[in-house]
1. State which residue is modelled with the lowest pLDDT when the search covers only region 214-234 and only residues that are hydrophobic (A, V, I, L, M, F, W, C) and in contact with a helix residue (DSSP H, G or I) (Cβ under 9 Å, 6 or more places away or on another chain).
2. Spot the failing condition for V156; the list is (1) touching a residue at least 40 places away in the same chain (Cβ under 8 Å); (2) in contact with a helix residue (DSSP H, G or I) (Cβ under 8 Å, 6 or more places away or on another chain), and only one is missed.
3. Tell me which of these I169 doesn't satisfy, since it passes every other one: (1) in a helix (DSSP H, G or I); (2) touching a residue at least 60 places away in the same chain (Cβ under 8 Å).
4. Scanning for something touching a residue at least 60 places away in the same chain (Cβ under 8 Å), under 27 Å from the mean Cα position of the chain (by Cα) and either closer than 23 Å to E230 by Cβ or surrounded by 14 or more Cβ atoms within 10 Å (Cβ to Cβ) (or both), does region 357-373 turn up at least one residue?
5. Out of the residues in region 144-166 that are of a type outside the set (S, T, N, Q) and part of a strand (DSSP E or B), state the one that is surrounded by the fewest Cβ atoms within 10 Å (Cβ to Cβ).
6. Any idea which of (1) in the same structural domain as F220 (by TED's automatic domain parsing); (2) buried (at least 16 other Cβ atoms within 10 Å of the Cβ) is the one A128 doesn't satisfy?
7. State whether one or more residues within region 28-42 are under 15 Å from L93 (Cβ atoms) and not in a helix (DSSP H, G or I).
8. Condition first: among the hydrophobic types (A, V, I, L, M, F, W, C), more than 17 Å from M337 (Cα to Cα), within 22 Å of the chain's Cα centre (by Cα) and in the same structural domain as L353 (by TED's automatic domain parsing). Can you find one or more residues in region 433-443 that meet it?
Amino acid sequence: MAEQETAVDTAEEDDTELDRHRGDAILEAVEIADRDALTALLEPLHAADIADFLEQISAGERRRLITLWGDGIDGEILSELDENLREEVIATLDPSVLAEAVRELESDDVVDLIEDLDQPQRFAILEALEKADRVAVEQSLSFPEESAGRLMQPNVVRAPEHWTVGDAIDYLRAARELPDQFYHIILVDPRMHPTGYVTLGKLLGTARRTRLLEITEESFRTISVTTPEEEVAYMFNQYHLISAPVVDDEDRLVGVITIDDAMLVLDAEAGEDMMLLAGVGDESVSDRTLKIARQRFPWLMVNLMTAILASLVIAQFEAAITQIVALAVLMPIVASMGGNAGTQSLTVAVRALATRDLTGSNALRVVRREATAGLLNGAAFAGIMAVVGIVWFGLPMLGVVIAAAMVLNLVVAALAGVLIPLGLEKIGVDPALASGAFVTTVTDVTGFFAFLGLAVMLLL
């Protein structure tokens, strides 16, 4: 077993080394303007790997690579690029290369590609599309941002309700154009209302004379064009959907959303929540320094204000700290432990709200659970800090003070970590965006006030 693990580790190191060498070779080919060598190095790579490489190199290297490689850039690479870089890369591409690249994409991928671009670049891409594709993209762009209408693929494989399996198979064989990826045949009534769908696997495994209505899936559900995309991702994850038809205001079929697009949204939402909890917003490693500094400044300012508030609490006990220096040594421990405990509860709560595991119906139970967990951890660490206070400073009552403050702050931290995001969601504010600053403020103020207040009452 040990030999196998060593072999695996060695293989992984070799792969990493190979990637590093390939990256160096690519940049060397760009430096000497060797297009043939560059093409030979890039063509075997997946579009996502090429996009990752473009994101990792400098702006100058990226511009030279794109200019040299020219028509090697395709639509898949553009789709995989970070949104913050797409505009830069598209501006570098020759218009004819850009036109050829976007023609290869499905309409939903084109929408994702151009919805954040400036109007001139958006117009250039739309002009490069064939008329039917351009109409489909413009229709999708007419729907609200981050909605199912923007996410859907208008090209749908559908069949009348009265068809049999044989009818459907004959239709698929004769069809000139089918989507690159589809998982269901959607059944529609005469008014184009979707009434069910049949998986391709069941279609191929059923006798030709069987009616399609007899083999429809129980998971069938429709999605409105105006449904927010996070709601779409939740439905796919919650109900284990592979694809789902999209309907307009009159319940007529207008498109379909597939699992790959829904999971991209789910991944993006999870990443966004993580970034917001850290107060960094929509940021990537390819962003310019000034942009990053500007985005981070507001939340750093909020943190500064909360730190000043905590300092004002400490200032009220200046005389006590002067008389007992041990208070200055120990008080950061209480606040720090409270902050960490609050962050733990907050992270769990924000994620549970995003996945809808935390709702009004179970909020009270979750709050009680967090408070109990905070009490148990507080009691455990109170015992540890009581011993530390007695052994370190030889003051038994100091140990009692820090133990009591620890219990109180960890319970408050646990409660704040759940109640604050619940309250923010109730008033329509994204819990991931603002909860961190509020929880930090509560734990710092509570920790300092409890510790120093108890010290004044019991030690002076």
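1. Among them, the one singled out is A233.
2. (2)
3. (2)
4. The answer is yes; a qualifying residue exists.
5. P160
6. Among (1) in the same structural domain as F220 (by TED's automatic domain parsing); (2) buried (at least 16 other Cβ atoms within 10 Å of the Cβ), A128 violates only (1).
7. Within region 28-42, none of the residues are under 15 Å from L93 (Cβ atoms) and not in a helix (DSSP H, G or I).
8. So far as region 433-443 goes, yes, one or more of its residues are among the hydrophobic types (A, V, I, L, M, F, W, C), more than 17 Å from M337 (Cα to Cα), within 22 Å of the chain's Cα centre (by Cα) and in the same structural domain as L353 (by TED's automatic domain parsing).
The values are calculated or read from the model by the stated rules, or taken from the named source; none is laboratory data. Just so you know, these numbers come straight off a predicted model, no measurement behind them. Reconstructed Cβ throughout: ideal geometry from the backbone, glycine too, with neighbour counts over all protein chains shown.
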